[in-house]
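Contents: one structure, followed by commentary.
Please treat every number below as a calculation from the coordinates, not as lab data. This one's a predicted model, so the numbers in the text were calculated from it and none came from an experiment. Glycine gets a Cβ as well: all are built from the backbone with ideal geometry, and neighbour counts include every protein chain shown.
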Amino acid sequence: MSAPVQARVDPVRTARRIEDLLDRLSGDPEVSAVGDQLVRALMEFYGAGLARIVQLVGAATVSRTLVDDELVAHLLALHDLHPEELPARIARALAGQGVEVLGFDGGTLRIRAGGGGCGCGSTADATREAALAALAGLAPEVTAVDLAAEPPALLQIGTRPPGSGS
């Protein structure tokens, strides 16, 4: 008899839900402290179990097979067990986002949008938020995204074609 297929879990939505629940506990300092300790204890417990699984299956299996699964890749990154280095995880997370990575320093990732936007603040904010959401699970080291301003377009000046007037 095969095991039942588990419903797909969205790691980003789950992380937001956990943050929202912890925020709801913040009204009472004592309750907030207990909630924080509970989350830390569960993270430690599941992290140790995941580390043991990685040890048992071997790093080669993890890097070849498990990092292509979004949920597993997020868990590996969350527990500092992901076999890829940070630049590779950032590239993986931002693939298809239409942004160029310019650098990473002190938790802040500097990116440039690949064009197509109007250059207005709402587009920049949306690009920044989309990048942060994509990075949340695979690169938790990134705590802020700085969107570099696009350089102004250059006006091309040429000569008039012959016979077009003065």
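Values as computed for the structure displayed
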{"read-out": "Two-site FRET efficiency, A60 against Q37, from Cβ-Cβ distance with R₀ of 41 Å, rounded to 0.05", "value": "0.65"}
{"read-out": "Of the GluC sites (Glu not before Pro) in the stretch 48-131, those whose Cβ has at most 11 other Cβ within 10 Å and which sit in DSSP loop", "value": "E85"}
{"read-out": "Chain lengthening between E141 and A95 when straightened (0.36 nm per residue, less Cα-Cα)", "value": "14.8 nm"}
{"read-out": "Estimated FRET transfer efficiency when R0 is 22 angstrom, pair A130-D80 (beta carbons, to 0.05)", "value": "0.35"}
{"read-out": "Distance (nanometres) between label positions extended 7 Å along Cα→Cβ at D105 and A15", "value": "2.4 nm"}
{"read-out": "Whether the stretch 10-83 is rounded, prolate or oblate, judged on the alpha carbon gyration tensor where a/c under 1.5 counts as rounded", "value": "oblate"}
{"read-out": "Under 10 Å, Cβ to Cβ, from A73 - net charge with Lys/Arg +1 and Asp/Glu -1", "value": "-2"}
